[in-house]
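Student: The structure under discussion is supplied below as structure tokens; questions concerning it will follow.
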Amino acid sequence: MTSIPLPTPASPLRIGTRASPLAMAQANLAAAALVAAHGLDPRALEILPMTATGDKIQDRALAEVGGKALWTRELDIALDAKVIDMAVHSLKDVETLRDERFFLAAMLERADPRDRMVVPDDGTARTIADLPHGARLGTSSPRRAAQVRRIRPDLETPLLRGNVATRLAKLAAGDADATLLAAAGLARLGMDAIGTAQPIDLLLPAASQGAIGIECRAEDAPLRGLIAAVDHAPTHAAVAAERAFLAALGGDCRSPVAAHARWLDDGALRLDAEIYSEDGADHVAGSTQVTGAADAAALARRLLDEAPDAVRRLFAA
């Protein structure tokens, strides 16, 4: 019998989320997990969608207009004002250093962290190597652009922004010859048959890719306890290592960086990471076993020490 006060249909908990179809799907996953963990009536949870500033701006790179805060600003304001009780985020889109007023109370089990390459009409290209010479692979991610250009310097990487449906429509309209989308997002939208997953050793994912986080107000201890029941500890530890690596680097949305932590068969947590120059021509990579944030931070310092100036200058650490 839990001592945590549970919500009821008469007094539901309000879950804030971005209004995009993917964000709504993720909020529903979080709500379903809470319902299952506590035996709640589904009506005891109410999902409140909000349009994020980042969803309104489609014609410029994120780094030019405010960075990752554009995905969280509206939800942060609503959470602080107690308009919502918790917020559900794609953790890849959440700033590494968060306001102390908010607490990341749980992460759901991580989905497939890989990227999927999509070409119009599901053409013959299955990997980046298959794309024709000089093809345009559209992306808004500095990480993906640098990785693609490192593998194929002949490719162009024009800006391609928007939610999944928008990017697919732009691809179909000929704005690019191919694009990369997160496998987890496609799966959550029921589109997991679209495109071809790229091997992790070819395209190391972004930190936190595939992970969903649930935040609440740090002062709300009862709610923190309620949300903690759906936390997936292996995911939380792996993503925390990736985020600690980012924090130690001091990068921003302009900094091409990849980091992925995975559990090995012997129970160890291994963190692989890469940092790049903007054009992908220079990069350094490394890995380490992680038992805490200090190990991730040490890897960041080592990579910065080894990096050429074209890479190091993109990071503020």
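Student: Would you be able to tell me the number of residues in region 126-149 that are part of a loop (DSSP other than H, G, I, E, B) and surrounded by fewer than 20 Cβ atoms within 10 Å (Cβ to Cβ)?
Tutor: Going through region 126-149 one residue at a time, the tally reaches 6.
Student: I would also like to ask the following. I'd like the residue in region 78-102 that is assigned to a strand (DSSP E or B) and touching a strand residue (DSSP E or B) at 6+ places or on another chain (Cβ under 6 Å) and, out of all such residues, is nearest to A178 (Cα to Cα).
Tutor: The residue in question is H89.
Student: Right, here's the next one. What's the number of the only condition in (1) among the acidic types (D, E); (2) assigned by TED's automatic domain parsing to the domain that holds H38; (3) within 18 Å of the chain's Cα centre (by Cα) that D220 fails to meet?
Tutor: Condition (3) is where D220 drops out.
Student: For L226, are the conditions met, namely being outside any loop (DSSP other than H, G, I, E, B), buried (at least 20 other Cβ atoms within 10 Å of the Cβ) and over 20 Å from the mean Cα position of the chain (by Cα)?
Tutor: In short, yes.
Student: So is T72 closer than 28 Å to S255 by Cβ, β-branched (V, I, T), modelled with pLDDT under 95 and surrounded by 19 or more Cβ atoms within 10 Å (Cβ to Cβ) or not?
Tutor: Answer is yes for this residue.
Student: Of all residues in region 280-317, which are part of a helix (DSSP H, G or I), closer than 17 Å to Q147 by Cα and of a type in the set (A, V, I, L, M)?
Tutor: Hits for region 280-317 are L303, A310, V311.
Student: Yes or no: G138 under 27 Å from H283 (Cβ atoms), of a type in the set (G, A, S) and touching a residue at least 24 places away in the same chain (Cβ under 8 Å)?
Tutor: yes
Student: A further question follows. Under 16 Å from the mean Cα position of the chain (by Cα), more than 29 Å from R101 (Cα to Cα) and surrounded by 22 or more Cβ atoms within 10 Å (Cβ to Cβ): which single residue out of A259, A241, A273 fits that description?
Tutor: From the options A259, A241, A273, the qualifying one is A273.
Student: Can you tell me which residues in region 10-34 are assigned to a loop (DSSP other than H, G, I, E, B), crowded, with 17+ Cβ neighbours inside 10 Å and over 16 Å from the mean Cα position of the chain (by Cα)?
Tutor: Scanning region 10-34 gives a single hit, P12.
Student: Restricting to region 252-268, give me the number of residues that are in contact with an Asp or Glu (Cβ under 9 Å, 6 or more places away or on another chain), assigned to a strand (DSSP E or B) and not basic (K, R).
Tutor: Result for region 252-268: 5.
Student: Next question. Select, from A316, A285, A298, A294, the only residue that is surrounded by fewer than 20 Cβ atoms within 10 Å (Cβ to Cβ), closer than 21 Å to A241 by Cα and modelled with pLDDT under 95.
Tutor: The unique qualifying residue is A316.
Student: Restricting to region 140-175, and then to whatever is out of contact with any strand residue (DSSP E or B) (no Cβ under 6 Å at 6 or more places or on another chain) and polar (S, T, N, Q), can you tell me which residue is farthest from A25 (Cα to Cα)?
Tutor: For region 140-175, the residue satisfying everything is Q147.
Student: Looking only at region 77-99, which residues are surrounded by fewer than 19 Cβ atoms within 10 Å (Cβ to Cβ), of a type in the set (D, E, K, R) and at pLDDT 95 or above?
Tutor: D80, K82
Student: Mind telling me which of the residues A221, A193, A211 ends up being more than 18 Å from I275 (Cα to Cα) and either in contact (Cβ under 8 Å) with a residue 24 or more places away in the chain or buried (at least 19 other Cβ atoms within 10 Å of the Cβ) (or both)?
Tutor: A211
Student: Identify the residue in region 101-125 that is of a type in the set (A, V, I, L, M) and under 30 Å from D220 (Cα atoms) and, among all such residues, is surrounded by the most Cβ atoms within 10 Å (Cβ to Cβ).
Tutor: A106
Student: Taking the condition under 22 Å from the mean Cα position of the chain (by Cα), outside the structural domain of R149 (by TED's automatic domain parsing) and not aliphatic (A, V, I, L, M), does E306 pass?
Tutor: no
The values are calculated or read from the model by the stated rules, or taken from the named source; none is laboratory data. It should be emphasised that the depicted structure is a prediction, and the values quoted were computed from it without experimental measurement. Note: ideal-geometry Cβ built from the backbone for every residue, glycine included; neighbour counts use all protein chains shown.
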